[in-house]
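The values are calculated or read from the model by the stated rules, or taken from the named source; none is laboratory data. Because the structure is a prediction, the values reported are computed rather than measured. Every residue, glycine as well, gets a Cβ built from its backbone with ideal geometry; the counts of neighbours run over all protein chains shown.
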């Protein structure tokens with residue numbers, strides 16, 4: 001069967017149009033705008049690297065960058081390890097395991113806004129958690145009104161939401177762990193812990209690197225959790241603002257500084273690209289060993 | 001964002017009132033607005049008025065089309081969520097609808113970018129039909145020009161929780177009327193019963209109510225000594241526990257929710273809130289106290305919405321005629337009777353509905369608010385953007401936490417607001 005030379009392009013066309021219109025063009029536009037003083041209502045003037053100089057001198061940028069980095073560093077280890085442990089429990093075929101798996105996966109499909117509201121009610125100064133703490137004779141804990149605790153609370157929500165998603169990835173990877181290796185280790189007298197560290201973990205290493213990369217990128221780009229828990233304010237004095245929150249705050253509305261927000265977005269993109277390249281390099285090195 | 005939700009809340013008020021005939025006649029049957037023929041099709045965009053006010057808006061459109069044969073008005077209602085994004089996208093593309101519902105702070109950036117028709121030039125004769133303070137709200141201070149027909153207004157009383165006042169040994173019949181009394185009573189409430197009086201740090205409008213010159217000579221000036229004194233008063237209240245911890249991050253909506261949950265004892269509000277208390281917080285409603293707004297200037301705060309006509313409209317004459325028609329006294333009074341809002345026309349407030357009490361709380365609030373509106377001021381400068389509101393909130397939080405002095409926090413907030421003005 002023969003086809004015209006342009007036939008494959010016809011199949012590609014819908015995807016290409018969407019990518020060009022909604023990904024490539026906005027991305028290139030963002031790069032151009034980052035060198036201007038554009039506002040929401042005007043194209044602005046070319047300002048060279050002024051936006052980047054301003055960024056280097058902007059304390060809000062450094063607070064946001066520090067918070068995003070801290071966020072990533074704190075959420076990645078639990079998001080790599082905890083879903084693996086849950087997946088190992090969830091892969092057992094025991095009565096009621098379906099309910100267990102569903103319970104862990106529910107936060108993934110729940111709306112971020114609903115999740116944020118529920119956690120806000122739980123952690124509010126008069127919320128459920130503080131009511132229990134007070135009933136037990138303790139003092140109220142300022143989960144949402146102390147900038148550090150707000151970040152920690154938000155990280156807990158991120159980890160809680162991510163558990164189910166990464167658990168599913170681990171479940172599929174666990175199915176590919178060679179059974180003969182596990183059996184051989186058992187015959188050689190290896191206990192469950194030894195089998196886990198010497199057989200399961202090495203077999204899952206590529207998956208773990210993938211999950212580390214995904215959770216690092218998501219952690220660095222965190223927005224909805226911190227936005228909802230702080231009521232959109234970024235915490236008292238904006239001290240819990242993250243980079244994406246800062247971009248939203250600077251660029252939103254008719255009075256938004258689109259040029260500066262684009263410059264912030266470009267820096268965020270470069271940081272994330274760097275993170276992914278490091279992960280890729282680590283993965284390759286692991287493969288070569 | 002939240003402030004917009006509040007404004008949209010006014011627009012989406014469920015109200016059990018009946019539509020009564022008002023006896024006022026609109027005076028807007030101009031066939032040659034802005035020097036063109038009133039004919040052809042226009043698009044009218046409103047802010048979250050469907051489905052509550054569908055019949056009302058359709059009625060206004062029908063009446064206009066009847067009065068001006070050959071015109072067609074296409075009504076588009078946008079939900080509150082995403083309204084700003086829609087206006088922004090349309091404005092960037094130069095395709096704003098012919099008549100658009102905007103509050104002054106949204107009309108300002110559009111007018112500044114030269115996108116709106118100046119009514120002082122296009123329809124100067126319309127000016128006397130509206131309250132002076134409402135017309136001024138759509139002017140660019142220092143530069144003249146008016147960029148929107150004032151539409152509905154709101155102002156409100158201060159609500160307080162009589163039961164909490166009583167528990168703390170305060171006289172529930174003597175709520176604070178000045179900021180000095182507010183601090184005294186808030187400290188007593190916090191010290192005796194560990195109850196917070198307030199749910200949020202001061203907004204820019206509160207500075208105005210305190211008597212601070214917020215904006216002068218094209219610059220923000222709320223860091224003047226009176227402003228510092230005002231923030232220091234709040235700092236004393238915060239330290240004593242008279243503000244809930246969430247006050248540092250909260251806006252009007254969040255603060256109102258805390259008042260409904262009886263976690264704070266006092267909250268500014270509007271006639272719309274009273275209905276909400278009745279249905280959503282009956283135990284609060286049973287103890288609700290209603291008093292005049294706390295102000296050092298003698299004038300209450302006013303919120304308003306308007307309709308503007310973009311310069312990009314291909315049918316400006318019809319758009320201007322329709323904008324004036326929607327906001328004429330007759331149509332505004334009808335609308336105000338459906339929702340808990342007030343007309344911005346010079347004649348609208350004379351309707352008996354706004355001057356006569358029938359013994360109910362709703363009527364008491366309505367009559368008091370209508371009286372208040374005659375001298376009310378929109379204390380929020382039109383230049384005050386979302387970014388500026390956030391800067392003020394953050395600096396006040398630092399002042400409350402003692403990270404900065406009140407003076408330093410206000411200086412920083414003013415510097416940031418003035419930088420954003422450029």
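So that you can scan it fast, the table gives a plain yes or no per residue for (1) within 14 Å of chain A (Cβ to nearest Cβ); (2) over 22 Å from residue B:63 (Cβ atoms); (3) surrounded by 22 or more Cβ atoms within 10 Å (Cβ to Cβ); (4) at pLDDT 90 or above:
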residue	(1), (2), (3), (4)
B:318	no, no, yes, yes
B:346	no, no, no, no
B:350	no, no, no, no
B:359	no, yes, no, no
B:365	no, yes, yes, no
B:375	no, yes, no, no
B:380	yes, yes, yes, yes
B:393	yes, yes, yes, yes
B:402	yes, yes, no, yes
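Just checking, does segment B:65-78 include any residue being loosely packed, with under 14 Cβ neighbours inside 10 Å and in a helix (DSSP H, G or I)?
Within segment B:65-78, one or more residues are loosely packed, with under 14 Cβ neighbours inside 10 Å and in a helix (DSSP H, G or I).
Against the condition surrounded by fewer than 24 Cβ atoms within 10 Å (Cβ to Cβ), modelled with pLDDT under 95 and within 14 Å of chain B (Cβ to nearest Cβ), how does residue A:252 come out, does it pass?
yes
Inspect all residues belonging to segment B:255-266 and state whether any of them is more than 14 Å from chain A (Cβ to nearest Cβ), under 16 Å from residue B:156 (Cβ atoms) and in contact with a strand residue (DSSP E or B) (Cβ under 6 Å, 6 or more places away or on another chain).
yes
Can you tell me which of (1) in a helix (DSSP H, G or I); (2) under 25 Å from the mean Cα position of the chain (by Cα); (3) more than 21 Å from residue B:199 (Cα to Cα); (4) more than 9 Å from chain A (Cβ to nearest Cβ) is the one residue B:384 doesn't meet?
That leaves (1) as the condition not met.
Need at least 1 residues that are within 30 Å of residue B:110 (Cβ to Cβ) per element, so show me which helices (runs of 4 or more DSSP H) inside segment A:159-277 make the cut, counting only ones lying wholly within it.
Once the helices (runs of 4 or more DSSP H) in segment A:159-277 are filtered for at least 1 residues that are within 30 Å of residue B:110 (Cβ to Cβ), what remains is A:224-229, A:243-251.
Take residues that are farther than 29 Å from residue B:387 by Cα and in contact with a helix residue (DSSP H, G or I) (Cβ under 7 Å, 6 or more places away or on another chain) and tell me which of the helices (runs of 4 or more DSSP H) falling wholly in segment A:1-114 contain 2 or more.
A:59-90, A:97-109
Of these, A:222, A:267, A:258, A:244, which one is more than 9 Å from chain B (Cβ to nearest Cβ) and touching a strand residue (DSSP E or B) at 6+ places or on another chain (Cβ under 7 Å)?
Exactly one residue qualifies, and that residue is A:258.
Quick one: what pairs do we get from segment B:236-254, first residue facing chain A (nearest Cβ under 7 Å) and within 14 Å of residue B:268 (Cβ to Cβ), second at pLDDT 90 or above and assigned to a loop (DSSP other than H, G, I, E, B), C-beta under 6 Å, 6+ apart or different chains?
Listed pairs, sorted by first residue: B:250/B:200.
When residues of segment B:79-99 are filtered for being in a loop (DSSP other than H, G, I, E, B), closer than 23 Å to residue B:37 by Cα and within 24 Å of the chain's Cα centre (by Cα), how many remain?
The total comes to 3.
Select from segment B:269-283 the residues that are without any contact (Cβ under 8 Å) to a residue 24 or more places away in the chain and more than 18 Å from the chain's Cα centre (by Cα) and list them in ascending order.
The answer is B:278, B:279, B:280, B:281, B:282, B:283.
Checking residue B:178 against (1) closer than 30 Å to residue B:383 by Cβ; (2) buried (at least 19 other Cβ atoms within 10 Å of the Cβ), which test does it fail?
(2)
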